[in-house]
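Structure record follows, encoded as structure tokens.
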Amino acid sequence: MIQKHCYECGTALTERELEGEGIVPYCPQCQQYRFQMYNVAVSMVVINEQTGQILLIRQYGKPHFILVAGYVNRGEQLEHAVCREVKEETGMTVTHLRFNRTSFFEPSNTLMCNFTAFVADASEFNPNSEIDSYQWFNLENPRNLLPNN
């Protein structure tokens, strides 16, 4: 998704050479370079520490399982977003987490930051309205259940 207008004043951006960066969008009104903006989200492999199982969910009427995920709020630390999203969507409290990797998801212009989020057990599990259904899986093959990308 290419940014065409300045996010501060709305003026149409032009392209201008910036030393060390190459061609960068430029706002002639603000006289500022405007680097491309994108969304940031977290996705979580939620593991029940008691059973070692992984939680996968279905949302918004779609047939495939996905990881718990959500967007990062402006100014929010990624680790806080992980804990907040797990709590909001499942009611469970993350006891500790581990960063896995990032990947860019082109269809929604989103940098996905993946974590493993550990919960003590499923006793707090209370899914919100975003979750249509869910299932806890053993570690053997949950990746095969997830859609590509």
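Just give me the residues in region 38-81 being basic (Lys, Arg) and farther than 22 Å from Ser133 by Cβ, in sequence order.
Taking region 38-81 and keeping what is basic (Lys, Arg), we get 58, 62, 74.
The answer is Arg74, and nothing else.
Looking only at residues in region 127-149 that are of a type outside the set (Phe, Trp, Tyr), within 21 Å of the chain's Cα centre (by Cα) and open to solvent by 80 Å² or more (accessible area, probe 1.4 Å), the one that is modelled with the lowest pLDDT is Asn149.
Of all the residues in region 69-125, those that are touching a residue at least 24 places away in the same chain (Cβ under 8 Å) and in contact with a Cys (Cβ under 7 Å, 6 or more places away or on another chain) number 2. Entry remark, region 1-49: residues being within 20 Å of Thr110 (Cα to Cα) and of a type in the set (Gly, Ala, Ser) number 2 in total. Take region 86-113 and flag every residue that is assigned to a strand (DSSP E or B) and of a type in the set (A, V, I, L, M, F, W, C). Hits for region 86-113 are Val94, Leu97, Phe99, Phe104, Phe105, Leu111, Met112, Cys113. Where strands (runs of 3 or more DSSP E) sit wholly within region 1-68, those with at least 2 residues that are buried (at least 18 other Cβ atoms within 10 Å of the Cβ) and under 20 Å from the mean Cα position of the chain (by Cα) occupy 39-48, 54-59.
Does region 26-69 hold any residues that are on the phi > 0 side of the Ramachandran plot and not aromatic (Phe, Trp, Tyr), and which are they? Show your work before the answer.
Going through region 26-69, the residues on the phi > 0 side of the Ramachandran plot turn out to be 31, 52, 60-61.
Answer for region 26-69, where residues must be on the phi > 0 side of the Ramachandran plot and not aromatic (Phe, Trp, Tyr): Gln31, Gly52, Gly61.
The values are calculated or read from the model by the stated rules, or taken from the named source; none is laboratory data. No experiment lies behind these values; they were computed from the predicted model shown. Counting neighbours? That spans all protein chains shown, and the Cβs are built from the backbone with ideal geometry, glycine included. With ligands, DNA and RNA removed, areas are computed over all heavy atoms of the protein, side chains included. Shrake-Rupley method; radii C 1.70, N 1.55, O 1.52, S 1.80 Å.
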